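One structure is given below, encoded as structure tokens.
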2 protein chains.
Amino acid sequence: MRSQLEKGESFRDLHRRPGIFIIPNPWDVGTARILTASGFGALATTSAGYAFSRGRSDGSIGREEMLRHVADIVAASPLPVSADLEGGYGISPEEAAMTIRLAASAGAVGGSLEDTSGDPERPLIDIQAASERIRAAAEEAARLAFPFTLTARAENFLVGRPNLRETISRLQAYQEAGANVLYAPGLSRKEDIATVVRSVDRPLNVVIGLAGLDVSLEELQDIGVKRVSLGSALCRATFGTLLAAVAEMRGGGTFGFLKGAVPFAQLNTLFRDFHEKL
Amino acid sequence: MRSQLEKGESFRDLHRRPGIFIIPNPWDVGTARILTASGFGALATTSAGYAFSRGRSDGSIGREEMLRHVADIVAASPLPVSADLEGGYGISPEEAAMTIRLAASAGAVGGSLEDTSGDPERPLIDIQAASERIRAAAEEAARLAFPFTLTARAENFLVGRPNLRETISRLQAYQEAGANVLYAPGLSRKEDIATVVRSVDRPLNVVIGLAGLDVSLEELQDIGVKRVSLGSALCRATFGTLLAAVAEMRGGGTFGFLKGAVPFAQLNTLFRDFHEKL
């Protein structure tokens, strides 16, 4: 296993190298190992994917359980892991800083924080409070013995406030507060993403699989995006397969979905070899 | 939640009603809830599917962890759950009986036992020892305060001894020893399955997704099969989707696999409603 220092440096350097990279999101140990064996350079957890694998809705998993999940993914793979830390599990800067410390203890070398409140009536915290949260998290990250890549998310598009000007103001403030990577989930137009890239001075993460954004990796690279994450999309694709299989069995009583199944021996050997190598 | 008595009776009665039924195999809480919401009458765990979701090979999970998983699936769903108890986690009849007791404590109302040894040199135990194991398990099941449906498996096809005569001798002996359901994974010909049905006097379970068996539910019903399980096939179908998504992203840098993903809001609402109803 690589040390947390090595993994932290490796993850930071992925953002410094030229070109774009995909950071895929596993939701359990098995998918973490498959994605590791597939040659990616880092993994990111997904709060929604993990919640769905536990039969829960997104946002209903507490900090302790989510950090156990982060530790589980870290233990499953030699790759650097960035943790989806949702809204930091607490409004205050102190709580956000504590969440960064706990994520680092769980083995993560990066993490993302949203500017959400958890209150459905007023889902976003204001830009000032959100910046203080990022500043406290960045200061905590700087006290760690390895590079911790902090991603700050502007959530206004996702909570029904699709105002690009607000997105940019928020991301600029989070950059100022010390975020290493910026991220605005829910942008659905390539031009808007390009405008964001031009308006900030940090690597931008774009999520695929939300809000109908229909672009290729090359197009995203061409407009200057550095990192592409999948959120819960890979997980939701597998639920699509499960629902289609159920519909086929309960409809016509056939099992054509088996054609897409990985053969037992292939999967069994892959996991046996992976486990022996760890 | 229904009592274990109600679930035990309901599961037993599924085998007494006319016609065939599918008992699908979830591998985590999320898939258990999706399959429950899909209208099936019972669930069965899968040792291989669970192992794969933990990035391990089949057979590498011990009794304690596997029974925690069984309890997890039982807690996830109001449906009766039958537990995949592999080789009973011990050669002796006493160990097999203990495994039945522990599975019942975990909330299962049924379970399957293989006639395997766990020894790769001599993978099958002989018919006499296997029958004693089934007898001890059936006697233990009879002491429970609810009907526990015991499934006995003849594994000779799966361990490279594809002798139908041996399969039938084994299943007849297990019937005699008190098994409620019989099961011979690895049969790949419909005629062989029909021969087994005619040779025994208990409901027969057939697994789909192994050994290239290519039949419809109706064909299986026509030859007298009572129950169809999927083993790890649904799980392996979702790994197929994951590998295809990875190949697409790393190949052409496109994200066409998203077309098959369940929309975020749909999955989130389904799990929120499910959780609130429990």
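The table that follows gives values for the structure above.
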| quantity | calculated |
| --- | --- |
| Positive-end residue, region B:165-270 charge dipole about Cα centroid, Cβ charges, pick of B:F239, B:G186, B:L210 | B:F239 |
| Summed residue charge, Cβ within 13 Å of A:G160's Cβ, Lys/Arg positive, Asp/Glu negative | -1 |
| Placed amide H near B:G186: partners under 5 Å, 5+ positions off or other chain | B:V207 |
| Rel. contact order, % - alpha carbon contacts under 8 angstrom, at least six apart, chain B | 18 |
| Of the trypsin sites (Lys or Arg not before Pro) in region B:117-214, those whose Cβ has at most 12 other Cβ within 10 Å and which sit in DSSP loop | B:R143 |
| Local net charge near B:L213, Cβ-Cβ under 9 Å (Lys/Arg +1, Asp/Glu -1) | +1 |
| Value of [θ]222 nm, deg cm²/dmol, for chain B, DSSP H segments ≥ 4, -39500 (n - 2.57) each, nearest 500 | -15000 deg cm²/dmol |
| Mean shadow area of the protein assembly as shown, taken as a quarter of the surface of its Cα convex hull (nm²) | 24.6 |
| Quarter of Cα convex hull surface for chain A, i.e. mean projection, nm² | 15.3 |
| Sparse-neighbour loop sites [GluC sites (Glu not before Pro); region B:181-278; at most 14 other C-beta within 10 Å; DSSP] | none |
| Under-5 Å amide H pairs with A:V262, H placed in peptide plane, nonlocal only | B:A237, B:F239, B:G240 |
| Ratio of the Cα radius of gyration of region A:234-278 to 2.2 N^0.38 Å, where N counts its residues | 1.52 |
| Accessible carbon and sulfur surface of region B:24-163 relative to its total accessible area, %, 1.4 Å | 50 |
| Region B:254-278 residues near the modelled B:M1 label - backbone nitrogen below 17 Å, point 7 Å along Cα→Cβ | B:274-278 |
| Rounded to the nearest 20 debye, dipole of region A:1-131 from Cβ charges on Lys, Arg, Asp, Glu | 600 |
| From the C-alpha gyration tensor of region A:71-148, square roots of 5λ in Å | 24, 14, 8 |
| Principal axes of region B:1-107: Cα extent on each, largest first, Å | 35, 31, 26 |
| Reachable aspartates and glutamates, given that their alpha-carbon falls under 12 Å from the alpha-carbon of B:K7 and they are not under 8 places away in the same chain | none |
| Helix A:164-177 axis, angle to chain A major axis (alpha carbon atoms, nearest 10°) | 80 |
| Top of A:L230, A:L43, A:L243 by mean-square fluctuation, Gaussian network on chain A, Cα under 10 Å | A:L243 |
| Solvent-accessible area lost in complex, 40 Å² minimum, residues of region A:42-67 relative to chain alone, 1.4 Å | A:F52, A:S53, A:R54, A:G55, A:R56, A:S57 |
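The values are calculated or read from the model by the stated rules, or taken from the named source; none is laboratory data. As the structure is a computational prediction, the values presented were derived from the model and not from experiment. Backbone-built Cβ (ideal geometry, glycine too); neighbour counts: all protein chains shown. In case anyone asks, the SASA skips ligands and DNA or RNA and just uses the protein heavy atoms, side chains included. Shrake-Rupley method; radii C 1.70, N 1.55, O 1.52, S 1.80 Å.
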